[in-house]
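The values are calculated or read from the model by the stated rules, or taken from the named source; none is laboratory data. Every value quoted in this text rests on a predicted model; they were computed, and no experiment measured them. Here the Cβ positions follow ideal geometry from the backbone for every residue, glycine too, while neighbour counts run over all protein chains shown.
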């Protein structure tokens, strides 16, 4: 049951990713990207990452894409007459490079994590049942990764100050 | 297990993002393609986390925080470039070109 469902979400994600990079209007591009993010959230649920799926919808599809749409609206880029695609040589180059990269990354399909690191099947599902979807992440986040977590808050503060300074007309 | 299929979807999405960055000249769309690549990488982290433990979820959490910060700063830069040049087409932004 999970595999067909996975391919439905995966197919939608790939299709909308393709639409995102080919649409002329930035608004259409942004909406297709939101569609990709939603189907990725579906895939995350299938991969036992319910909390990340919720965060994906709230932060990525919600907050980040709203900033994008807001800037598109602010700069009034909604209706573009001419396409901004590069010319034919550039298209062929990126087609070749993209195909090569896909083929190279497809080797990952053969990857199997080493036996001594791999958890027995269904461990994540039982962990979610025991600790809850949030508890499962909170445990390593606030024990092993507490310093990176605190540094992230400094990063976000710097980003807020930087965004205000950059976008302000006169300081 | 879904590890193999997830990595395939992740690889295709990442390549689509790279193709978008190479193909488009609109700065905002290039920026969205970078987000697409970040999402593809997140997907492979989650796929590995299913077999190797919840540390992968923590990394995805950090990637999302960095992506949010990057979007805020990057879009502010695009706004200030637009104020200066009246365009977001990268062909017309060639101040550093020799």
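Annotation for region B:5-17: at least one member residue is under 14 Å from residue A:20 (Cα atoms), more than 7 Å from chain A (Cβ to nearest Cβ) and assigned to a helix (DSSP H, G or I).
Filtered by the rule that a residue be within 7 Å of chain A (Cβ to nearest Cβ), in contact with a strand residue (DSSP E or B) (Cβ under 8 Å, 6 or more places away or on another chain) and either assigned to a helix (DSSP H, G or I) or free of Cβ contacts under 8 Å to residues at least 12 places away in the same chain (or both), region B:18-38 gives B:23, B:24, B:33. Residues that are modelled with pLDDT of 80 or more and either more than 15 Å from residue B:12 (Cβ to Cβ) or not assigned by TED's automatic domain parsing to the domain that holds residue A:23 (or both) within region A:88-122 comprise A:88, A:89, A:90, A:91, A:92, A:93, A:96, listed in sequence order.
Yes/no matrix, rows are residues, columns are (1) within 16 Å of residue B:46 (Cβ to Cβ); (2) modelled with pLDDT under 90; (3) not assigned by TED's automatic domain parsing to the domain that holds residue A:126:
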site: A:43; (1), (2), (3): yes, no, yes
site: A:49; (1), (2), (3): yes, yes, yes
site: A:55; (1), (2), (3): yes, no, yes
site: A:84; (1), (2), (3): no, yes, yes
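Is there a residue being in a helix (DSSP H, G or I), exposed (fewer than 12 other Cβ atoms within 10 Å of the Cβ), facing chain B (nearest Cβ under 10 Å) and free of Cβ contacts under 8 Å to residues at least 12 places away in the same chain anywhere in region A:111-125? No, that holds for no residue. Each residue in region A:18-35 was checked for being under 11 Å from the mean Cα position of the chain (by Cα) and facing chain B (nearest Cβ under 7 Å), and 1 of them qualify.
Residue B:55 passes every criterion in (1) crowded, with 19+ Cβ neighbours inside 10 Å; (2) at the interface with chain A (Cβ under 7 Å from one of its Cβ atoms) apart from (1).
Of the residues A:128, A:93, A:102, A:80, which single one is part of a loop (DSSP other than H, G, I, E, B), touching a helix residue (DSSP H, G or I) at 6+ places or on another chain (Cβ under 8 Å) and surrounded by 11 or more Cβ atoms within 10 Å (Cβ to Cβ)? Outline the logic, then answer.
Working: A:128 fails: part of a loop (DSSP other than H, G, I, E, B); A:93 fails: part of a loop (DSSP other than H, G, I, E, B); A:102 fails: part of a loop (DSSP other than H, G, I, E, B).
Of A:128, A:93, A:102, A:80, the one residue that is part of a loop (DSSP other than H, G, I, E, B), touching a helix residue (DSSP H, G or I) at 6+ places or on another chain (Cβ under 8 Å) and surrounded by 11 or more Cβ atoms within 10 Å (Cβ to Cβ) is A:80.
If you go through region A:131-150 and keep only what is loosely packed, with under 13 Cβ neighbours inside 10 Å and at the interface with chain B (Cβ under 9 Å from one of its Cβ atoms), you end up with just A:144.
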